[in-house]
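Inspection log for the structure reproduced underneath, given as structure tokens.
The values are calculated or read from the model by the stated rules, or taken from the named source; none is laboratory data. On a predicted model such as this, the values are computed, not experimentally measured, just so you know. Ideal geometry is used to build each Cβ from the backbone, glycine not excepted, and the neighbour counts take in all protein chains shown. Side chains are part of the model used for accessible areas, which takes the heavy atoms of the whole protein and leaves out ligands, DNA and RNA. Shrake-Rupley method; radii C 1.70, N 1.55, O 1.52, S 1.80 Å.
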Amino acid sequence: MTPYDALNAILLYGVLGLVGQGTRAVVGLKNNRASGTTTPSAQSVFSFAYFGISLMIGFIAGVLYGLSTSFSAAATLDPKTLITIAGFGYLGADFVENAASIFIPAAPPAPTAAPAPIPAPAPSPSPSLASAALPISAVESKVAALPSPAAHLTAALGIVLPHVKTSVWSPALIAAFARYDLSNARRIAAAIGQFAVEAGAGFQEVVENLNYTHAERLHAVFPHAFPSIADAEPYVGHPEKIGNRVYANRLGNGDVASGDGFRFRGRGLIQLTGRDEYAEFGSTLGKTADEASAYCETAEGAAMSGCWYLASRGCLPLADTWQLSTITKKVNGTAMLGNAERIAYAEAMRKALGG
């Protein structure tokens, strides 16, 4: 056998072994999916790497088989011969892997990317405003009922919203989900979809930014308060003056001189706005409107107020039936700004949670 023939034989046996091992990997993947064990997670990246290594092992197994036969079958390319070589790639990989394990210590098991999915119970009626909040004593038991809630939520947030500081937000969200009955993957995902647009993809905008630097933009956002660009000009760069004008005599606020507009500007993951809304939320926690507005600037308060809003406005049954656009309308009004983005975040979060 010439060197050229030997090289061709090595390639032939290696490729057939690769085909055999590739077939084995595909069959295994199909079986996993059929049994429902394949879920989207960060482990997907590792699986692709392992698949490539498996193919390489199949190639080596095919070559080893050829060496054991001195590549004598290379000249006989009938179907039976081809199947035999591919079969060795399918089965012989076990031999290669076991042999390698003798010399290469086994790596420690990779950490699980996400725990088991949160089960989705049947839709339940939204709690009334008076009963939206669960008693404090029920919060711990509600959290405990979820399967590894901190690790599960943190993993899902890391996939969908990588800019969120999970060490701060995961505990706050878990407590809020439990208190206001966001008790399944759909409710949690729908909430995250709204939060990611209302407060930014890093949850960095928990206080409404009224520091407008262009009169044109100020006029476009608040046309009722600034009917023309000329009306807006004196307010550019003065957030307190802007807040007191645009929210005066609305939402339970007093007049411009009261300062209520700026004091009760938007806060939290859903941006509660106005004295009435803060008083309504605060009443469920024994807080005044002023205390509630300050509380909403914290991670815990921002999460609590966002979940309270969704629970008290009838959004939870809508999440159970996945009516995301209707939730956006309840949160953002008829403008429904960023609805497509809210839906995209919610869909991604639902998949990450496995619900």
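Values as computed for the structure displayed
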item: Förster-model FRET efficiency, 45 Å R0, residue 2 and residue 56, C-beta, rounded to 0.05; result: 0.95
item: Contact order relative to length of the stretch 225-353, as percent, for alpha carbon pairs under 8 angstrom and 6 or more apart; result: 13 percent
item: In range of the label at residue 347: residues from the stretch 167-208 whose backbone nitrogen is under 20 Å from the point 7 Å along Cα→Cβ; result: 185-198, 201
item: Extension gain (nm, one decimal) between residue 151 and residue 168, 0.36 nm per residue minus Cα-Cα; result: 4.8 nm
item: Among 184, 215, 169 - extreme Cα towards positive end, dipole of the stretch 168-238, charges at beta-carbon; result: 184
item: Average accessible area per residue (Å²) across the stretch 258-355 - probe 1.4 Å, nucleic acids and ligands excluded; result: 36 Å²
item: Of all accessible heavy-atom area on the stretch 157-200, the percent that carbon and sulfur account for (1.4 Å); result: 55 percent
item: Candidate aspartates and glutamates for bridging to residue 287, where Cα separation is under 20 Å - those fewer than 8 sequence places away on the same chain excluded; result: 260, 276, 277, 297, 300
item: Rounded percent of accessible protein surface that carbon and sulfur make up, the stretch 244-355, 1.4 Å probe; result: 50 percent
item: Residues of type aspartates and glutamates that residue 329 reaches as a straight line, Cα spacing below 16 Å, ignoring anything fewer than 8 places off in the same chain; result: 198, 341
item: Order of exposure, largest accessible area first, which applies to 235, 180 with probe 1.4 Å; result: 235, 180
item: Environment charge of residue 273, counting only residues whose C-beta is closer than 12 Å and scoring Lys/Arg +1, Asp/Glu -1; result: -1
